[in-house]
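These notes concern the structure reproduced below.
The values are calculated or read from the model by the stated rules, or taken from the named source; none is laboratory data. None of these values were measured; they are calculated from a predicted model. No Cβ is skipped: glycine too gets one built from the backbone with ideal geometry, and neighbour counts run over all protein chains shown. Side chains are part of the model used for accessible areas, which takes the heavy atoms of the whole protein and leaves out ligands, DNA and RNA. Shrake-Rupley method; radii C 1.70, N 1.55, O 1.52, S 1.80 Å.
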Amino acid sequence: MEKIDIKSLTLIQLSELLESLKEPSFRAVQLFEWIHKKLASGFEEMTNLPKTLRENLEKCCEYTTLKTVQELHSKNDDTCKYLFQLSDGNMIESVRMSYHHGDSVCISSQAGCRMGCRFCASTLDGLTRNLTPSEMLEEIYQIERITQKRLNNVVIMGTGEPLDNYENLVQFLHLLFEERGQNFSQRSVTISTCGLVEQIKRLAQEDFNITLALSLHAPTDALRSQLMPIANQYPLSEVIKACDYYYERTGRRVSYEYSLIDGVNDTPIIAKQLVQLLRGKNCHVNLIPINPVKERGFTPPKGNNTQRFKNILEKNKINVTIRREMGTDIDAACGQLRKRYMDQTIKKKGGEL
Ligand code: SAH
């Protein structure tokens with residue numbers, strides 16, 4: 001019999017499980033708090049639960065934990081990258097960034113990715129599998145255990161396409177927001193997507209108060225489809241319409257992510273096309289000089305071209321910021337640490353043969 005992934009169960013589902021084990025209903029809250037608030041690392045810590053119950057749970061449930069394989073601290077700023085191992089041996093990475101207003105964490109939603117963006121390291125080896133709600137939660141919980149601090153912001157912008165793992169993502173969010181657990185503020189969560197139109201509309205209807213970030217990277221279909229294969233499936237007009245719908249429905253301003261690549265999408269003409277696309281929208285543009293990925297051959301804008309691009313948007317009354325680059329010395333760009341680790345492991349294995 002397959003074990004139940006207990007950390008992925010909502011409070012209601014947990015009550016049903018305990019009912020089936022003939023336990024009183026108040027135990028569900030106790031158990032939920034041990035898992036999601038006190039961040040217990042196993043059933044044995046749950047000392048106010050009867051021993052027989054703990055033994056029963058041990059038998060029928062899987063208690064998801066992550067093994068911390070590597071912790072890389074950046075020299076330049078307060079950024080730390082974590083390489084975690086899942087119970088099946090797969091690797092994922094998460095990044096913690098400290099700001100004056102608190103700590104943010106960038107978590108992965110999949111092991112690998114199948115979206116194929118040309119500039120991204122996460123997708124080089126394709127998708128291995130979706131992460132479960134409990135594995136996504138554990139990225140947060142494990143960092144909170146290590147730092148002994150509550151995290152203030154969660155961005156789902158690490159490896160993977162969160163909307164390609166929709167059901168698990170939504171279950172993860174419900175668990176994160178549960179009052180009896182982390183009681184996390186919905187406004188402090190951002191989900192980044194390459195633009196899966198149907199799922200953006202679906203997410204708008206979930207009635208969450210979270211921010212949607214759309215990875216735009218180009219103002220025209222012709223250029224976007226050179227950078228992002230997903231653009232062949234959904235034209236920009238549909239993607240933008242879905243984002244407008246998200247804003248109308250939730251009242252949350254959409255963030256457009258724009259990674260600048262030298263000579264590809266950073267020219268003044270392209271900046272003006274971007275103005276045309278976004279003019280009059282209550283939105284925000286985040287400019288990110290591309291993080292060079294060895295296998296990809298793209299480089300960030302030269303000289304002050306990032307600033308030049310920003311000025312054109314500003315002059316046209318578009319809210320824009322240049323994202324502070326953090327942790328480039330520790331491979332903080334999407335999927336770089338995981339990729340390097342996997343390549344080294346493969347090399348080592350190859351050497352043994
Ligand atoms: N799949 C989601 C979330 C993961 S990627 C998405 O596409 O939004 C998180 C962000 O980093 C996206 O905006 C992505 O386009 C961007 N990104 C990926 N590789 C990058 C790189 N090498 N340099 C700068 N940004 C990158």
Cross-link reach from LYS201 to lysines, straight Cα distance under 24 Å and at least 8 residues apart if same chain, gives LYS241, LYS281
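Starting from the Cα gyration tensor of region 47-179, take the square roots of the eigenvalues, sort them a ≥ b ≥ c, and report rounded, prolate or oblate (rounded when a/c is under 1.5, otherwise prolate if a/b is larger than b/c, else oblate). Can you show the working numbers first?
On the way: a/c = 1.80, a/b = 1.29, b/c = 1.39.
It comes out oblate by the Cα gyration axes.
May I ask you to order 259-270, 310-321 by the average number of other C-beta atoms within 10 Å around their residues, highest value first?
Highest mean packing first, the order is 259-270, 310-321.
How much accessible area per residue does the chain have, counting only protein heavy atoms and a probe of 1.4 Å, in square angstrom?
On the way: 16170 Å² over 353 residues.
With all protein chains present, the chain gives 46 Å² per residue.
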Full-extension gain between ASP125 and GLU62, please, as 0.36 nm times their residue separation minus the C-alpha to C-alpha distance. 19.8 nm
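With +1 assigned to the C-beta of every Lys and Arg and -1 to the C-beta of every Asp and Glu, and no other charges, what is the dipole magnitude of region 165-319 about the Cα centre in debye, to the nearest 20?
On the way: 19 positive and 15 negative charges, 130 e Å.
With only Lys, Arg, Asp and Glu charged at Cβ, the dipole is about 620 debye.
Please grab the % of Cα pairs in region 255-298 that end up more than 13 Å from each other.
61 percent
How high is the relative contact order of the chain, given as a whole-number percent (alpha carbon pairs under 8 Å, six or more residues apart)? Display every interim value, and only then the final one.
Numbers: 635 pairs, mean separation 52.6, N = 353.
Computed value for the chain: 15 percent relative contact order.
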Explain nothing, just compute: Karplus ³J(HN,Hα) = 6.51 cos²θ - 1.76 cosθ + 1.60, θ = phi - 60°, for every residue of region 13-20 in order, whole Hz, x for Gly and Pro. 5, 5, 4, 5, 4, 5, 4, 5
The alpha-carbon pair-distance distribution computed for region 52-97, with 5 angstrom bins and whole-percent values, is 5, 19, 19, 14, 12, 11, 9, 6, 4, 1, 0
Listed by chain and number, the lysines with an alpha carbon less than 18 angstrom from that of LYS81, same-chain partners under 8 positions apart left out, are LYS67, LYS149, LYS339
log₁₀ of I(q)/I(0) at q = 0.13 Å⁻¹ - the chain, Debye sum with one point per alpha carbon: -1.04
Roughly speaking, to the nearest percent, how much of region 14-78's 1.4 Å accessible area is carbon and sulfur? 49 percent
Can you list residues from other chains, or at least 5 along the same chain, whose modelled amide H is less than 5 Å from the amide H of GLY112? THR128
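Output the relative contact order of region 47-202, whole-number percent, from Cα pairs under 8 angstrom with separation of 6+ residues.
Details: 256 pairs, mean separation 28.7, N = 156.
After rounding, I find 18 percent.
Quantify, in whole percent, the carbon and sulfur part of the accessible surface of region 96-210 (1.4 Å probe; protein heavy atoms only). Each step should come with its number before you reach the end.
Numbers: 1660 of 4060 Å².
Accessible surface attributable to carbon and sulfur in region 96-210 totals 41 percent.
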Step through the residues of region 163-175 one at a time and calculate ³J(HN,Hα) from phi using the Karplus curve (6.51 cos²θ - 1.76 cosθ + 1.60, θ = phi - 60°), rounding each to whole Hz and writing x for Gly and Pro. 7, 8, 10, 4, 4, 5, 4, 5, 4, 4, 5, 4, 5
